[in-house]
Amino acid sequence: MKKEILGHIRSYIVIGAILLLFATSFLWAWPNRDLQRVLIGCLMLSYFVWGLLTHTKSNVLTTHVVLEYLGVSLLAGVLLILVTI
């Protein structure tokens with residue numbers, strides 16, 4: 001398990017940077033809800049594409065993985081959009 005995590009450390013750093021950039025941008029954009037919603041869309045797309053690229057690189061991309069990343073990104077996006085209502 002530890003070897004697998006260390007093998008993907010760059011991918012985890014990239015997603016961490018994406019999430020940190022989103023969090024700071026989301027808070028900076030307040031109270032502009034339209035901009036926050038655009039940022040939410042960018043986060044959803046970034047997370048989905050990151051998952052696809054990471055699994056493609058590891059040669060473990062399956063339909064199940066694609067649907068999982070799509071579902072998680074949609075769920076997170078809907079929850080964040082509810083925050084901006």
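The values are calculated or read from the model by the stated rules, or taken from the named source; none is laboratory data. Note that the coordinates shown come from a computational prediction; the quantities given were computed from them, not determined experimentally. Cβ placement follows ideal geometry from the backbone for every residue including glycine, while neighbour counts extend to all protein chains displayed. What goes into the accessible areas is simple: the full protein's heavy atoms, side chains included, and nothing from ligands, DNA or RNA. Shrake-Rupley method; radii C 1.70, N 1.55, O 1.52, S 1.80 Å.
Working note: 222 nm ellipticity from helices only, DSSP H runs with n ≥ 4, each -39,500 (n - 2.57), summed and divided by the residues of the chain, gives -29000 deg cm²/dmol to the nearest 500.
The mean sequence separation of alpha-carbon pairs under 8 Å and at least six residues apart, normalised by the residue count of the chain, gives a relative contact order of 30 percent. Extents of the chain, largest first, come to 43, 24, 17 Å (Cα atoms, principal axes, whole angstrom).
Quote to one decimal, in nm, the extra length available between L35 and V14 on full extension: 0.36 nm per residue of separation minus the C-alpha distance between them.
Extra length from L35 to V14 when fully extended: 5.3 nm.
Separation of the range 21-48 from the range 60-85 is 15 Å, based on Cα centroids.
Run the numbers for T62 and L45: contour at 0.36 nm per residue of separation, minus the present Cα-Cα distance, in nm.
Additional length available on full extension: 4.3 nm.
Positive end of the dipole of the chain (Cβ unit charges, origin at the Cα centre): among V65, W50, G7, the Cα lying farthest that way belongs to G7. In this calculation the C-beta distance from L6 to L82 is compared with R0 = 41 Å, giving a FRET efficiency of 0.65.
Expressed as a whole percent, the accessible area of the chain that falls on carbon and sulfur atoms is 74 (1.4 Å probe).
Shape of the range 1-49 from its Cα gyration tensor (a ≥ b ≥ c, root eigenvalues): rounded if a/c is under 1.5, otherwise prolate when a/b > b/c, or oblate? Note, shape of the range 1-49 comes out prolate.
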